[in-house]
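Student: I'd like to ask you about the structure that follows.
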Amino acid sequence: MTTLFDKVWDRHEILRRDDGVSLIFVDRHLVHEGSHHAFRKLAERNLPVKRADLTFGVTDHYAPTRPGPVPDNIRGMLSGLLENCAKHGIRCFGPDDPRQGIVHVIGPEQGLTLPGLTINCGDSHTSTHGAFGAIAFGIGASEVAHVLATQTLWQKRPPVMRLTVDGDLAPGVTAKDIALGWIARLGTGGAQGHAVEYAGSAVRAMSMEARMTLCNLSIEGGARSGMVAPDETTFAYLQGRPFAPAGAAWEQACDDWRALASDDDARFSRDIRIDAAEIAPLVTWGTSPEDALPITGTVPERTDRTAEALAYMGLTPGRPLAGTPVDQVFIGSCTNGRIEDLRAAAAVLSGRTAKVPGLVSPGSAAVKKRAEEEGLAQIFTDAGLTWAASGCSMCVGMNGDTVEAGKRCASTTNRNFRGRQGQGARTHLMSPAMAAAAAVAGALTDVRPMLEGRT
Amino acid sequence: MTGWTRVEGPALRFPYDNVDTDQLIPARFMSTPRSEGYGKYFLHDHPDRDTLNGATILIAGRNFGCGSSREAAVYALADFGIRAVLAPSFGDIFAANAVNNGLLPAAMDPEDIASLEGTLTVDLETCTVGGRPFRLDPAARDKLVNGWDDIDLTLSRLQQIETFTRQYHGTIPWSIPTQGDTR
Ligand code: SF4
């Protein structure tokens, strides 16, 4: 009767208070430049880091992606993390480390992310790591300080919602489209208060990278975490990763992981079903991830609910979404900056030229190296796009990679919030292939005709 | 953090749904130390920001504080002078962050919210504001009232944590990362 979530939760529950709040042991704690508030809290109380061996640091939010002078405030954020990590004996992948990258890309890549673990980070997209069958969720600075000091967290066990995606995805349709699709259907508060488990034949058929994209976007539907039961795809991805168990420990781990699945008779507090075959490539038109529509659709009518967003986005109601001119594209982020994402974008761009400028920032230094070896970087630069170093970059604009006010960006990121990519920036979320297609067309466009004969 | 039971002050309306943390504090201000005060960054780029001057209570739309885990969004609200936000629903991480900083995220029925205006009293004892009920997890309520600090609370249970950890790592040794550097 037990869900996957509850199985993992139970083995981490140190105690449960009478008011229902549990103290949970944390297996992995990931910190980045934004963790400075938490380190300051620790310093104010003169507390040590409890388990530096389970804590890992990486520079990503402020990481420079292009050569040139680094402004003082950004340099300060980078060195602040390195100093805090050095002071507390935390292993840190800094700007020049070959293991550097976006925290949610490098966790899995380095084998730090494993099935059955609890993983926390001061970043809401920590839900990404749930793709491996871990309980992974973002926390605020007070909670980061708490984990640093105690390696535990006080949490109330959330109810679990199952989202089953059955059937086959059509060509040109990706995990990003499934995610935007369910968020559009249920709303950004649709899974609020819940942990989500993704199930169904379409999810089982997905690569780890696609599962990560799916879990990554859980937070945009209001869920703090998303999970997929581990299987052979998971094990194949993890085997041989630098920090993953090896030898006898690997065998022991795999035996354990095979039992990590929801029981057939497990009860979920909500059960949602989606037919994969009905999903088309989506784009967002508004300022919330729930404002997503098929690319074949039209800009919604002006209502009390849509007026603000339409005005901010500068869109005319009733016009087809396809054909809306874009000023630039961005391909990257923890949502869609992994090697498969870059391959999907390159498959569209190969032999074609981008009509508008664009930035491609791989999710990690290792992804960057691989993409260069595979010739993907060459495809991007031949098409006229800028190939940059890895970091959060234009997903959040903290490192100075921003979209100018009033400019429209086709973006593979996760948030089309007002000002997310820069003050006044207009963001349309979509998959990497769709962003590549937008670059070629200079406008929002359906990628499917461009894929004919290519996949 | 000091605890509180009652707060009285002007309640002002910010009637938008899905007010996300990027709006509450734009990312470009987040490298600033908290000691400089975050109140000036609160809703910095929003055209209606100045209509909220003097607010102690914010009346907001659904899914308030959705988006990122940045606690700076709560710092901005708190440093601006806001002690309670009334909304039909909140982003989960935002609500947790709020409580950790003495800010009340009061979940209320839209009809109750619609009836409120002027100077109001928030009462954590009765879980009401302006005489209307709000929903708040009892554990969160206790924390706000007592001004509890989780770290102190947890460090008092250190022995129990140590025992658990030994046993846990005994059964699941592979959960400790291998020394990735040395391979
Ligand atoms: S890429 Fe964007 S969403 Fe992902 S961790 Fe960085 S800032 Fe957060």
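Here, each number is a calculation from the coordinates, and none is a lab measurement. All figures in this text were calculated on a predicted structure; none of them were measured in a lab. Cβ atoms come from the backbone with ideal geometry, glycine included; neighbour counts cover every protein chain shown.
Student: What share of Cα pairs, in percent, lie more than 31 angstrom apart in region A:4-272?
Tutor: Details: 9372 of 36046 pairs.
Summing the P(r) tail past 31 Å for region A:4-272 gives 26 percent.
Student: Still on this structure, please answer the following. Test of understanding: given chain B, find the longest segment containing no GluC sites (Glu not before Pro) that are in a DSSP loop and have at most 15 other Cβ atoms within 10 Å. Don't skip to the end; give the middle numbers.
Tutor: On the way: sites that count: B:Glu117, B:Glu125.
That would be B:1-116.
Student: Report, please, the projected area of the protein assembly as shown averaged over directions, based on the convex hull of its C-alpha atoms, in nm².
Tutor: On the way: hull surface 104.2 nm².
Averaged projected hull area, Cα only: 26.0 nm².
Student: Okay, moving on. Can you pull out the GluC sites (Glu not before Pro) in region A:264-369 whose DSSP state is coil and whose Cβ has at most 11 other Cβ atoms within 10 Å? Display every interim value, and only then the final one.
Tutor: Working: sites: A:Glu278, A:Glu290, A:Glu301, A:Glu308, A:Glu340; in loops: A:Glu290, A:Glu301.
Counting only loop positions with at most 11 other Cβ atoms within 10 Å, the GluC sites (Glu not before Pro) in region A:264-369 are A:Glu301.
Student: Here is a further query. First obtain the Kirkwood hydrodynamic radius of region B:50-183 from its Cα pairs, then insert it into the Stokes-Einstein equation at 25 °C and 0.890 mPa s, and state the resulting D in µm² per second as a whole number. Mind showing how you got there, number by number?
Tutor: Values: Rh = 17.3 Å.
Result for D is 142 µm²/s.
Student: So, one more: When the chain is fully extended, how far beyond the present Cα-Cα distance does A:Arg17 get from A:Thr296, taking 0.36 nm per residue of separation? Spell out each step's value before the answer.
Tutor: Numbers: separation 279, 0.36 × 279 = 100.44 nm, distance 5.19 nm.
Here the answer is 95.2 nm.
Student: OK, next. Which ³J(HN,Hα) values, rounded to whole Hz and listed in residue order, are derived for region A:98-108 from phi using the Karplus coefficients 6.51, -1.76 and 1.60 in 6.51 cos²θ - 1.76 cosθ + 1.60 with θ = phi - 60°, glycine and proline given as x?
Tutor: So the Karplus estimates, Gly and Pro as x, are x, 9, 5, x, 5, 3, 7, 8, 7, x, x Hz.
Student: Over the whole of A:12-20, what's the average partner chain Cβ count within 10 Å per residue? Rounded to a whole number, please. Please list the in-between numbers first.
Tutor: Details: counts 4, 1, 8, 4, 0, 2, 2, 6, 3.
Mean shielding by partner chains, rounded to a whole number: 3.
Student: Starting from the Cα-Cα distance between A:Asp275 and A:Asp168, subtract it from 0.36 nm times their residue separation and give me the gain in nm to one decimal. Could the numbers behind the result be given before it?
Tutor: On the way: separation 107, 0.36 × 107 = 38.52 nm, distance 0.83 nm.
That works out to 37.7 nm of additional length.
Student: Is any residue of region A:147-189 close enough, with backbone N under 20 Å, to a label point placed 7 angstrom from the Cα of A:Met1 along the Cα-Cβ axis, and if so, which?
Tutor: A:157-162
Student: Next question, about the same structure. Counting other beta carbons within 10 Å of each Cβ, put A:Leu321, B:Leu103 in order, fewest first.
Tutor: B:Leu103, A:Leu321
Student: Another one. In whole angstrom, and with the biggest value first, how far do the Cα coordinates of region A:225-363 range along each principal axis?
Tutor: Largest to smallest, the principal-axis extents are 61, 44, 26 Å.
Student: Apply the Karplus curve 6.51 cos²θ - 1.76 cosθ + 1.60, θ = phi - 60°, to the phi angles in region A:386-395 and return the couplings in whole Hz, x for Gly and Pro.
Tutor: My calculation for region A:386-395 gives 8, 9, 10, 7, 8, x, 5, 6, 7, 5 Hz in order.
Student: With a Förster radius of 35 Å, plug the Cβ-Cβ distance of B:Arg6 and B:Ala139 into 1/(1 + (r/R0)^6) and report the FRET value to the nearest 0.05.
Tutor: 0.95
Student: Across peptide A:140-152, how many C-beta atoms of other chains are within 10 Å of each residue C-beta, on average?
Tutor: Numbers: counts 16, 10, 11, 7, 2, 4, 7, 0, 1, 5, 8, 3, 6.
Going residue by residue through A:140-152 and averaging, the value is 6.
Student: Let me ask you something else. Among A:His129, A:His32, A:His146, A:His37, which comes first, then next, by fewest other beta-carbon atoms within 10 Å?
Tutor: Details: A:His129 32, A:His32 24, A:His146 28, A:His37 20.
Starting with the residue having the fewest Cβ neighbours, the order is A:His37, A:His32, A:His146, A:His129.
Student: Next up: Given C-alpha coordinates of region A:282-451, what is the ratio Rg to Rh with the Kirkwood estimate of Rh? Could you put the intermediate results ahead of the total?
Tutor: Numbers: Rg = 15.0 Å, Rh = 15.6 Å.
Across region A:282-451, the Cα-based Rg/Rh ratio is 0.96.
Student: Another question, then. What is the distance, in nm, between label points placed 7 Å from the Cα along the Cα-to-Cβ direction at A:Glu404 and at B:Ala114?
Tutor: Computed distance between label sites A:Glu404 and B:Ala114 equals 4.5 nm.
Student: Name the lysines eligible as straight-distance cross-link partners of B:Lys40: C-alpha to C-alpha under 23 Å, and not fewer than 8 places from it in the same chain.
Tutor: Once the sequence-local lysines are set aside, what remains near B:Lys40 is A:Lys41.
Student: Additional query: Below 8 Å between Cα atoms, with a sequence gap of 6+, how large is the relative contact order for region B:1-143 in percent? Please report the intermediate quantities before stating the final value.
Tutor: On the way: 286 pairs, mean separation 40.0, N = 143.
After rounding, I find 28 percent.
Student: Follow-up. Mind checking which of A:Gly57, A:Ala202, A:Ala145 is farthest towards the positive end of region A:4-272's charge dipole, using Cβ charges of +1 (Lys, Arg) and -1 (Asp, Glu) about the Cα centre?
Tutor: Sorting the options by dipole projection puts first A:Ala145.
Student: What FRET efficiency would be calculated for the residue pair A:Arg157, A:Ser350, taking the C-beta separation as r and a Förster radius of 35 Å, to the nearest 0.05?
Tutor: Plugging the Cβ-Cβ distance into 1/(1 + (r/R0)^6) gives 0.15.
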